[in-house]
Amino acid sequence: MEPFWVKNTASSSIVVVGWHRLSYEFSDGSLNLEELKTQIRKVHAKVGNTKIDGTYIIFGAGAIQLLHAAVHALSAHDSVSTAKFITSTPYYPGDTSKWKKDAEDSSFIELVTSPNNPDGELRKAVLQGSNAKTIHDLAYYWPHFTPVPSPADEDLMIFTLSKLTGHAGSRFG
Ligand SMILES: Cc1ncc(COP(=O)(O)O)c(C=O)c1O
């Protein structure tokens with residue numbers, strides 16, 4: 001997306017003045033993150049790629065940091081039970097389908113990459129059952145990459161600025 005941003009430099013640049021964000025809060029006591037959340041909700045609502053109403057938004061240093069946080073959050077926090085974390089090739093390593101028959105008996109956290117990288121395939125969770133938890137990596141679920149047949153409405157969805165605007169180095173998920 002570099003040619004686009006170079007062409008639109010003047011209208012797209014963000015200049016932050018030195019006095020801005022000296023504190024963690026604005027002078028009225030509000031957190032600027034609230035405004036950021038409002039803007040994120042607006043983008044998703046306009047594009048229609050996720051049912052954003054009623055969701056919680058959590059920020060991270062890119063999709064990958066959020067993925068680690070999600071796995072941690074969904075893991076059992078005792079030393080007795082363990083869950084297997086399963087992904088599918090090619091962007092992530094692994095073959096989810098080979099665990100299908102075990103899904104009723106063991107605990108799994110499945111990462112669904114949809115659209116898949118690099119082939120763009122829209123994927124669904126493979127593992128079903130009460131022991132299967134799912135994380136949806138929707139990094140590419142934007143209309144400039146893929147048709148968006150319906151708004152995604154999953155329990156845990158990961159998006160990133162890397163793919164929305166191309167600013168992968170800015171590390172914002
Ligand atoms: C499917 C998918 N998920 C996640 C990422 C990583 O995103 P981030 O740069 O926000 O960590 C990538 C980057 O290529 C990706 O292709």
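The values are calculated or read from the model by the stated rules, or taken from the named source; none is laboratory data. All values reported here derive from a predicted model rather than from experimental measurement. FYI the Cβ positions are ideal-geometry reconstructions off the backbone, even for glycines, and counts take in every protein chain you see. In case anyone asks, the SASA skips ligands and DNA or RNA and just uses the protein heavy atoms, side chains included. Shrake-Rupley method; radii C 1.70, N 1.55, O 1.52, S 1.80 Å.
The table below lists the values:
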{"quantity": "Residue match in the range 66-73 (condition: part of a loop (DSSP other than H, G, I, E, B) and either more than 16 Å from the ligand (Cβ to nearest atom) or surrounded by 13 or more Cβ atoms within 10 Å (Cβ to Cβ) (or both))", "calculated": "no"}
{"quantity": "Conditions (1) at positive phi; (2) at pLDDT 95 or above: number failed by residue 50", "calculated": "(1)"}
{"quantity": "Elements of type strands (runs of 3 or more DSSP E) contained in the range 76-167, each with 1 or more residues being within 12 Å of the ligand (Cβ to nearest atom) and open to solvent by less than 20 Å² (accessible area, probe 1.4 Å)", "calculated": "107-113, 132-137"}
{"quantity": "Which numbered condition residue 59 fails, given (1) away from the ligand (no atom under 16 Å from the Cβ); (2) assigned to a loop (DSSP other than H, G, I, E, B); (3) more than 25 Å from residue 129 (Cβ to Cβ)", "calculated": "(1)"}
{"quantity": "Test: residue in the range 25-45 that is part of a loop (DSSP other than H, G, I, E, B), open to solvent by 60 Å² or more (accessible area, probe 1.4 Å), closer than 20 Å to residue 141 by Cβ and not small (Gly, Ala, Ser)", "calculated": "no"}
{"quantity": "Complete set of residues in the range 6-38 that are under 27 Å from residue 52 (Cα atoms) and of a type in the set (Phe, Trp, Tyr)", "calculated": "24, 26"}
